[in-house]
Amino acid sequence: METEKVIIVKDLTKSFGDFIGTNAITFDVHKGEIFGFLGANGAGKTTAMRMLCGLSRPSSGEASVAGYDVYKYPEEIKRNIGYMSQKFSLYEDLTVKENIRFYSGIYGLNKSQIHEKTSSLLDQLHLLNEKDSLVKSLPLGWKQKLAFSIAIVHNPAIVFLDEPTGGVDPITRREFWEMIYQASANGTTVFVTTHYMDEAEYCNRVSIMVDGKIEALDTPSNLKRYHNAKTMDDVFLILARKAQRQADQ
Amino acid sequence: MNILRYLLEKEFRQIFRDPSILRMIFIMPIIQLIILPQAANYEVKNVKIAIVDHDHSTYSTSMIYKITASGYFILTGINDSHLDAMELVERDHADIILEIPAHFEKDLVKESETEVLMSVNAINGMRANLGASYLSVILRDYNQDVRLKWVQLPRFDEVKRLNITSTNWYNPHMNYKLFMVPGILVILLTMVGAFLAALNIVKEKEIGTIEQINVTPIKKYHFILGKLIPFWMMGMFVLSLGLLVARVFYGIVPLGNIGLLYLFSGCYLIAVLGLGLLISTISQTQQQAMLLAFFLMMIFIMMSGLYTSIDSMPYWAQVVTWFNPVSYFIEVVRMIVLKGSTFRDIQFNLGIILIFAIVLNSWAVFSYKKRN
């Protein structure tokens with residue numbers, strides 16, 4: 001099955017002085033795919049993701065995202081992607097409604113689109129009663145779901161999620177993944193990093209980074225078969241234990 | 001332009017929701033303008049004087065009377081020995097000791113020449129200096145009075161006297177408040193412009209929302225304008241509030257064109273906002289931004305001519321003030337408010353401030369990076 005590639009990465013490298021954050025990684029992501037980007041802390045996931053989002057300039061190698069070269073057209077890429085970082089990305093001192101309005105506005109949605117989006121999102125997220133509450137008063141799980149919805153408010157081709165479910169309870173995590181499936185079904189490609197191996201099982205394909213390199217890339221079932229492991233947890237441990245680099249870089 | 005509208009809307013919502021910012025722009029200007037000018041008074045009054053009178057004569061008594069009647073001195077002791085008077089100085093009960101020798105009257109009348117000793121506690125240099133010079137003037141006057149009375153007038157006036165009378169233009173009563181209030185207003189505008197804007201942007205860095213902004217198609221200039229415009233407006237508001245306080249509390253009404261004052265302030269705010277942006281691009285945390293801003297502010301204030309005259313600084317320090325935007329505004333605000341200067345008089349300073357605005361803002365825009 002030949003599908004459209006929305007992310008093409010070849011030998012992408014980022015070094016900070018002597019330290020090589022991401023070392024010549026190569027992979028493709030297909031349209032509509034849920035691509036799991038795994039690795040221990042400090043393996044280079046966030047560095048790679050920031051390059052793909054146009055937040056960080058690669059040292060060498062090639063990459064294109066949504067058809068745009070990361071060196072030449074970072075601003076075009078930004079128009080076509082959504083991004084939700086592990087740091088909290090909503091304005092806590094604005095209300096739910098104001099956050100939706102602000103992000104829709106800066107992505108260029110017009111008035112009626114903003115109005116429509118606001119009411120449909122409030123409805124989907126069951127936040128109608130909370131629409132005028134400040135975001136800081138919401139529980140973490142709700143905030144993260146809201147942040148995800150806002151990251152895809154402009155129907156981007158790709159959404160990048162950097163550890164979106166960190167610190168979230170299992171029920172909310174399940175709901176969060178339902179939203180991810182929904183987005184994927186609507187044709188949005190999902191590029192997600194996580195430390196939860198059960199979440200890795202939900203991905204169409206998974207790559208595992210160790211010390212700045214991609215050590216494995218395949219479907220979860222192929223990876224388990226190849227490494228003769230029962231769960232993704234075992235696969236991850238087998239690969240990540242090879243790491244030489246100190247964590248928490 | 002639509003994007004800018006959403007940015008401004010968000011910025012204003014956040015500002016009006018933040019009680020600390022509201023306190024900063026409403027209460028700080030009022031408090032500072034009411035309290036600081038009272039304290040920043042150069043006039044030295046109530047200099048404590050201890051007099052050691054070894055003579056106890058009519059002349060020495062009348063001289064002491066003349067000193068205490070001047071209104072600048074408080075007589076804290078008449079001692080018999082220099083040692084006793086020194087003790088007063090050590091206990092901080094006296095700033096100046098005046099020692100009148102025995103035979104003071106005799107010498108003055110007979111020899112028509114005498115000496116008094118003045119010892120000054122110079123720990124507070126300004127007070128000591130001014131106190132000593134007031135005292136010298138009083139003694140000279142006294143001396144003249146005595147001479148006029150006693151010394152027989154020669155047939156023609158031997159000592160040609162040159163009397164100097166002075167008037168103080170633009171501030172006839174040498175009212176220091178008139179001089180300080182506009183200057184403090186400048187400092188307030190600088191703080192609103194440079195600090196609040198810098199802290200606001202660095203706060204977004206700390207929380208992480210700036211990363212979210214950087215990953216959107218918002219253009220750099222959109223983001224920067226979205227930050228500059230609200231703080232520019234707050235600066236203009238503080239200016240208006242400050243002028244109102246100056247009028248209500250001090251009766252200061254600008255002699256010059258108020259529109260000119262607003263024009264200059266508007267340009268000045270753009271310049272200091274550029275500085276604030278620059279501070280924010282090189283700081284990672286609010287603490288860093290605060291420390292940097294505090295450091296700059298100290299230099300700006302000390303080297304601005306607010307408290308001390310730039311003309312009396314050493315040349316190298318005067319050169320430093322050329323690079324201090326605050327010094328240009330202090331000069332202009334005093335010119336417009338006290339002297340009623342016109343556009344022609346301030347156009348040089350306006351030109352310099354525009355250069356500051358262009359350089360600082362370009363530098364800030366250049367060093368603000370959406371990606372690293």
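Table for the structure above
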| quantity | calculated |
| --- | --- |
| Mean projected area (nm²) of the alpha-carbon convex hull when segment A:1-117 is viewed from all directions | 9.6 |
| Cα long-axis angle, helix A:140-151 against chain A (0 to 90 degrees, to the nearest 10) | 90 |
| Hits among aspartates and glutamates - C-alpha to C-alpha of A:K72 under 14 Å, sequence gap 8 or more where chains match | A:E62 |
| Dipole magnitude of segment A:5-240 about its Cα centre (Cβ charges: Lys, Arg +1; Asp, Glu -1), debye to nearest 20 | 400 |
| ³J(HN,Hα) computed for each position of segment A:163-170 - Karplus, 6.51 cos²θ - 1.76 cosθ + 1.60, integer Hz, glycine/proline x | 6, x, 10, x, x, 9, 6, x |
| Folded to 0 to 90 degrees: helix A:96-106 orientation relative to chain A principal axis, Cα | 70 |
| Pair-distance profile P(r), taking every C-alpha pair of segment B:56-117, with 10 angstrom steps and integer % | 20, 48, 28, 3 |
| Relative contact order [Cα under 8 Å, 6+ residues apart], chain A, whole percent | 27 |
| For B:N79, residues with placed amide H under 5 Å, excluding near neighbours | B:I51, B:V52, B:D53 |
| Sorted by Cβ neighbour density within 10 Å, fewest at the top, the residues B:S280, B:S62 | B:S62, B:S280 |
| Span-rule helices in chain B, defined as complete DSSP H runs reaching 18 Å or more along the axis (Cα) with Kyte mean at least 0.0 | B:19-39, B:176-190, B:220-250, B:258-282, B:286-302, B:343-367 |
| For A:105-112, mean number of other protein chain Cβ atoms within 10 Å | 5 |
| Dimensionless Rg ratio for segment B:47-150, taking C-alpha atoms and the 2.2 N^0.38 Å reference | 1.03 |
| Size-normalised alpha-carbon gyration radius of segment B:184-225, reference 2.2 N^0.38 Å | 1.44 |
| Span from the segment B:34-93 Cα centroid across to the segment A:149-196 one, whole angstrom | 81 |
| Around A:D93: net Lys/Arg minus Asp/Glu count, Cβ-Cβ under 12 Å | 0 |
| From the C-alpha gyration tensor of the protein assembly as shown, square roots of 5λ in Å | 75, 26, 21 |
| Semi-axis lengths (Å, descending) of the ellipsoid that matches the C-alpha gyration tensor of segment B:172-249 | 37, 11, 8 |
| Estimated D of segment A:44-112 in µm² per second, where Rh is the Kirkwood radius over Cα pairs and Stokes-Einstein applies at 10 °C, 1.306 mPa s | 115 |
| DSSP beta bridges in chain B [antiparallel fraction, %, rounded to 5] | 25 |
| Percent RCO, i.e. relative contact order, over chain B, from Cα pairs under 8 Å lying at least 6 residues apart | 19 |
| Neighbour-count ranking [beta-carbon atoms within 10 angstrom, fewest first] of B:D311, A:D28 | B:D311, A:D28 |
| DSSP bridge pairs, the protein assembly as shown: antiparallel proportion in percent, nearest 5 | 45 |
| Relative exposure of A:L90, B:L199, judged by other C-beta atoms within 10 Å (fewest first) | B:L199, A:L90 |
| Leading residue at positive end of dipole, the protein assembly as shown (Cβ point charges), from A:M232, A:M197, A:G82 | A:G82 |
| Kirkwood hydrodynamic radius over Cα pairs of chain A, then Stokes diffusion coefficient at 37 °C and 0.692 mPa s, in µm²/s | 175 |
| Square roots of 5 times each gyration tensor eigenvalue, C-alpha, segment B:206-353, largest first, Å | 31, 20, 14 |
| Environment charge at A:V6 (Cβ cut-off 11 Å; Lys +1, Arg +1, Asp -1, Glu -1) | -1 |
| Descending principal axes extents, chain B, alpha-carbon based, whole Å | 95, 45, 39 |
| Within segment A:5-240, percent of DSSP bridges classed antiparallel, to nearest 5 | 55 |
| Cleavage-rule hits (trypsin sites (Lys or Arg not before Pro)) in segment B:178-225: DSSP loop, at most 15 neighbouring Cβ within 10 angstrom | B:K219 |
| Cut-off under 5 Å, modelled amide H: who pairs with A:E215 long-range | A:I208, A:M209, A:V210 |
| Cut-off 13 Å between beta-carbons: net charge of the residues surrounding A:P156, Lys and Arg +1, Asp and Glu -1 | +2 |
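Every number in this text was worked out from the coordinates using simple rules, so none of it is lab data. Note that this is a predicted model, so its numbers are computed, not measured. Note: ideal-geometry Cβ built from the backbone for every residue, glycine included; neighbour counts use all protein chains shown.
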